[in-house]
Amino acid sequence: MRRIAIVGGSLAGVHAAEALRQQGFEGDVTLISAENELPYDRPPLSKEALLSGVAMEKLSLRAPEWYADNAITTRLGNAAVQLDTERRTVLLDDGTAVDYDGLVIATGARARRLPSTRNAPPVQVLRSIEDSLRLRERLRPGQHLVLIGAGFIGLEIAATARQMDLDVTVVEVGRAPLSRALGDEVGDWFRALHARHGVEIVCTCTVETIERRGDGAVLTLSNGRVLNADVVVAGVGASPVTEWLDGSGVQTANGVVCHSDLSTSVPGVVAAGDVARWYNPLFDEEIRVEHWTNAVEQGRRAAHTLLGNGEAFGAVPYFWTDQYEARMRFVGRASAATEVAVKELNDDRLVALYGRDGLVRGAVCVNVPRELARYRTAIRDQVLWDDIAQAQSAIGG
Ligand code: FAD
């Protein structure tokens, strides 16, 4: 293998490039990115970068000289528009092509947008540095921000906007914030956290109409309420970026379908990060994970697979979110849990465990960092739910 192309210049792509060099690959490595910036970190975009504005150098995943030092050719501001797996060529939007012997797909996900309607005001999303800067420009103390969707990104924006002295209302279709990811009990804890900071989360409710009024918007909710907003942001999830693979033979279905070692349906093509859907042997299910640590670990593993050193990727997913003084850390899987044990220690600390098939599958810890490693090990070692739930009752007395 002489030439490896990586499509997607972000977390998974950079770690794939780094792992290729660390594994001793000496051929050409080309990193192709639709964005104009060198790869940067996204988690600060809804937190400190939104609050205080953070210089690009601080967000960059690697210093500019790292690419030259590691002989990584970058093609910035160039989106891949088509893949020809017979000729092993990636076609870019400027009409040029990059030939490869091995390919890493790391095109991540894009923020979902609400369908646009006549007279609709701009509804912002937050995925890129550009989105974060644009939103920061719009947020002014005393204004009313309405967020549609109480997922992680929506709630992080809510917490940041409160620190910027905006009034904040969140509209959520589910019974509680985060309920799809973490269940109603943990969702209720987050709802109370936000209420203590002056944020109202209106649950079991949808936005029926949004109309422009002056520089702002008027939203009509399904419960009949009308909200006047200065700024509206949608945090309604993200979709894997796969349309450029149409017709290539690379199988997609809510992401790039991968084997457990992150190889795809086409030889010489692997995938990693938010875009990859793979069979995780630990949970015995196909999953796609939109978290930072997963993108790092999969970028590395996909590079190993491409170089012929592949193994099944059975990592325990890990995720964090910071909202106000709450530092939440999550390990494992909570979706499809049949057992949930919540230990509410107090307003500031929470531990919740998730079980399925008689095994412990996931754990949430808020401001209880020392418990996390223990649960990660329990999930990895497939400890019985009854054993861990019993030990759980000892936490916090
Ligand atoms: P992405 O970061 O989505 O990068 C994909 C790259 O590919 C992008 O640069 C994109 O422009 C490029 N691309 C797409 N299509 C093409 C194409 N056709 N041709 C060329 N390039 C293309 N995770 C946590 O665990 N904790 C957090 O607190 C947290 N906070 C977050 C806050 C925000 C605001 C966001 C947006 C994400 C957050 N995440 C967090 C998630 C984490 O950042 C992602 O899981 C991670 O960025 C995924 O990396 P990736 O490389 O797979 O994809």
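Since every read-out is calculated from the coordinates, none of them should be taken as a lab result. Keep in mind the model is a prediction, meaning the values are calculated, not measured. FYI the Cβ positions are ideal-geometry reconstructions off the backbone, even for glycines, and counts take in every protein chain you see.
Structural remarks
- Amide hydrogen proximity for residue 361: with H placed 1.01 Å from N in the peptide plane, the residues at 5 or more positions away or on another chain lying under 5 Å are 354, 355, 356.
- Our coupling estimate for segment 372-389, obtained by passing each phi through the Karplus curve with A = 6.51, B = -1.76, C = 1.60 and θ = phi - 60°, is 5, 4, 4, 6, 4, 5, 5, 5, 4, 8, 6, 5, 5, 4, 4, 5, 6, 5 Hz, Gly and Pro reported as x.
- Taking the Cα centre of the chain as reference, the dipole from Cβ charges on Lys and Arg (+1) and Asp and Glu (-1) amounts to some 420 debye.
- Calculated FRET efficiency, residue 173 to residue 381, Cβ-Cβ distance, R0 = 35 Å: about 0.45 to the nearest 0.05.
- Measuring how big segment 129-234 is from its alpha-carbon positions, Rg and Dmax come out at 13.2, 40 Å.
- Taking trypsin sites (Lys or Arg not before Pro) across segment 82-169, the ones in a DSSP loop with at most 11 further Cβ atoms lying within 10 angstrom of their Cβ are 87, 118.
- Those trypsin sites (Lys or Arg not before Pro) in segment 1-41 that DSSP places in a loop and that have at most 13 other beta carbons within 10 Å: 2
- Within segment 215-321, trypsin sites (Lys or Arg not before Pro) in DSSP loop having at most 16 other beta-carbon neighbours inside 10 Å: 225
- Segment 124-264: relative contact order in percent, alpha carbon pairs under 8 Å with at least 6 residues between: 23 percent
- Within the chain, longest stretch clear of exposed GluC sites (Glu not before Pro) (DSSP loop, no more than 16 other Cβ within 10 Å): 87-310
- Using distinct alpha-carbon pairs, which all enter the 1/r mean, Kirkwood radius of the chain in Å: 22.3 Å
- Residue-count net charge about residue 4 - beta-carbon cut-off 10 Å; Lys, Arg +1, Asp, Glu -1: 0
- Positive contributions from Lys and Arg (+1) and negative ones from Asp and Glu (-1), summed over other residues with Cβ under 15 Å from the Cβ of residue 110, come out at -1.
- Calculated on the alpha-carbon coordinates, the convex hull of segment 325-390 measures out at 75 cubic angstrom per residue.
- Taking every C-alpha pair closer than 8 Å and separated by at least 6 residues, the mean separation divided by the residue count of the chain gives a relative contact order of 15 percent.
- Taking amide H as placed 1.01 Å from N in the peptide plane, the amide H of residue 237 sits under 5 Å from that of 112, each at least 5 places away or on another chain.
- Amide H contacts of residue 202 (H built 1.01 Å from N, under 5 Å, at least 5 apart or other chain): 170, 171, 172
- Mean residue ellipticity (222 nm) of the chain, computed from DSSP H runs ≥ 4 via -39,500 (n - 2.57), nearest 500: -7500 deg cm²/dmol
- Considering only 34, 335, 6, and ranking their Cα positions along the charge dipole of the chain that arises from unit charges at the beta-carbon of Lys, Arg, Asp and Glu, the one farthest toward the positive end is 335.
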